[in-house]
């Protein structure tokens, strides 16, 4: 019988653990979110981060710019945050407008304050097997796997999607757990053959109900990272109703990976605070 992975409940447990850790700290860790423009989805994500900070009694600062901001002005503001000792974590909310190079902007964040884990220094450490601050969604996926007691050693883990946010960092996290990892993408010639061999299937492509029942191995663990709005309803990249009938475990949308991403951001913020405190 299929069991639904309750990401919201697991995230609640993590918040309780983090609150205890925060209460033991001498200072209040601070998060700064840099928002360029007024993308509706970005505004929702920013509010979620603010609520999480308030819940844990963490300091929160929103730094907003119009979509026309110059790269010089934006980088100057980030450098000020880098130097601000009351700020322990910095996020540049993505996407940024097309005239800005997201790689350049992210690279201007102090890697010790990069709580999104996207700075090339932190990505490089992950690839090298010496992770420090890890991208939040892949970290949340691995946390779900661990807390559900899923043993991935020697298992075939198939990732659909190769983004810097999810797919690429997740490769190295799953390898560190001794999974046998396959990555699929838009140029994969026989996607169905690859996905149907996965003991663990992670889908992050941004296409509603893209993965169907006939593409999934019976008894597989399915992690749906996608979040799409279809007819005023949120759905994932997996056809939940069809796929859930043959899986052993599956994450729902909403209520699966999403809550874990924000919880891992808070975890990274506390990790960053501890790293910086040890360097004083």
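Okay, here's what the table says:
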quantity: Lone qualifier among 116, 84, 38, 23 - being in contact (Cβ under 8 Å) with a residue 40 or more places away in the chain and farther than 25 Å from residue 170 by Cα; calculated: 84
quantity: Subset tally (residues that are under 22 Å from residue 73 (Cα atoms), in a loop (DSSP other than H, G, I, E, B) and out of contact with any strand residue (DSSP E or B) (no Cβ under 8 Å at 6 or more places or on another chain)) for region 97-121; calculated: 6
quantity: Qualifying residue in region 122-133 (condition: in contact with a strand residue (DSSP E or B) (Cβ under 8 Å, 6 or more places away or on another chain) and in a helix (DSSP H, G or I)); calculated: yes
quantity: Those residues of region 213-256 which are under 19 Å from residue 185 (Cβ atoms) and either crowded, with 19+ Cβ neighbours inside 10 Å or more than 23 Å from the chain's Cα centre (by Cα) (or both), in sequence order; calculated: 215, 216, 222, 223, 224, 225, 226, 236, 237, 238
quantity: Sole exception among (1) over 18 Å from residue 249 (Cα atoms); (2) in contact with a helix residue (DSSP H, G or I) (Cβ under 8 Å, 6 or more places away or on another chain); (3) in contact (Cβ under 8 Å) with a residue 24 or more places away in the chain for residue 167, by number; calculated: (2)
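Computed from the coordinates by the stated procedures, all read-outs in this text should not be read as laboratory data. Computed from a predicted structure; not experimentally measured. Note that we place each Cβ from the backbone using ideal geometry, even for glycine, and neighbour counts take in every protein chain shown.
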